[in-house]
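One structure is given here, and the rest of the page talks about it.
Since every read-out is calculated from the coordinates, none of them should be taken as a lab result. Every value quoted in this text rests on a predicted model; they were computed, and no experiment measured them. Glycine gets a Cβ as well: all are built from the backbone with ideal geometry, and neighbour counts include every protein chain shown.
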Amino acid sequence: MDVAIKILLILHFIGLAGIIGSWLAVIKEPRVVAGMLHGAILQVVTGLALVGLREMDGADVNHMKIGIKLVIAVIILAVAIVGVKKEKQTPGSTATLAHAAGGLGILNVIIAVVW
């Protein structure tokens, strides 16, 4: 179980890097890119799997913290989905959505570290 948790945690960090890294890569001309969407999907899936495995392992999980982080992650996912679709229709029109995804990604990191 420990190996599975570590693998999922690595994938979770890769998803985080996909969101924030994609945002930083296009910050001069902000727009939502596919990397944000893929990172958001990976974050939500691995986050849920991590909580499930940790609970099965008998760990004490802070449900309030996890719930808040999940809500933020789902918002990031929704923003990324809308942004990718909107970007296909009108290129360069998703600056606000890109900043929202990147900022919320950083907020989720702050919650994970500080709380």
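Values computed for the structure shown
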{"read-out": "Globularity index of region 27-69, i.e. its alpha-carbon radius of gyration over 2.2 N^0.38 Å", "value": "1.58"}
{"read-out": "Environment charge at TRP115 (Cβ cut-off 15 Å; Lys +1, Arg +1, Asp -1, Glu -1)", "value": "+1"}
{"read-out": "Alpha carbon centroid spacing (whole Å) that separates region 19-40 from region 96-115", "value": "13 Å"}
{"read-out": "Residues listed by number, region 2-17, amide nitrogen under 18 Å from VAL109 label point at 7 Å toward C-beta", "value": "9-17"}
{"read-out": "Rg(Cα) / (2.2 N^0.38 Å) computed for the chain, rounded to two decimals", "value": "1.10"}
{"read-out": "Set of lysines with alpha-carbon distance to LYS88 below 27 Å, sequence-local pairs under 8 removed", "value": "LYS28"}
{"read-out": "Loop trypsin sites (Lys or Arg not before Pro), region 1-85 (other Cβ atoms within 10 Å of the site Cβ: 14 or fewer; DSSP)", "value": "LYS28"}
{"read-out": "Kyte-Doolittle mean at least 1.6, axial Cα span of 20 Å or more - DSSP H helices of the chain", "value": "2-25, 95-114"}
{"read-out": "Helix-derived mean residue ellipticity, 222 nm - over the chain, DSSP H n ≥ 4, -39500 (n - 2.57), to 500", "value": "-29000 deg cm²/dmol"}
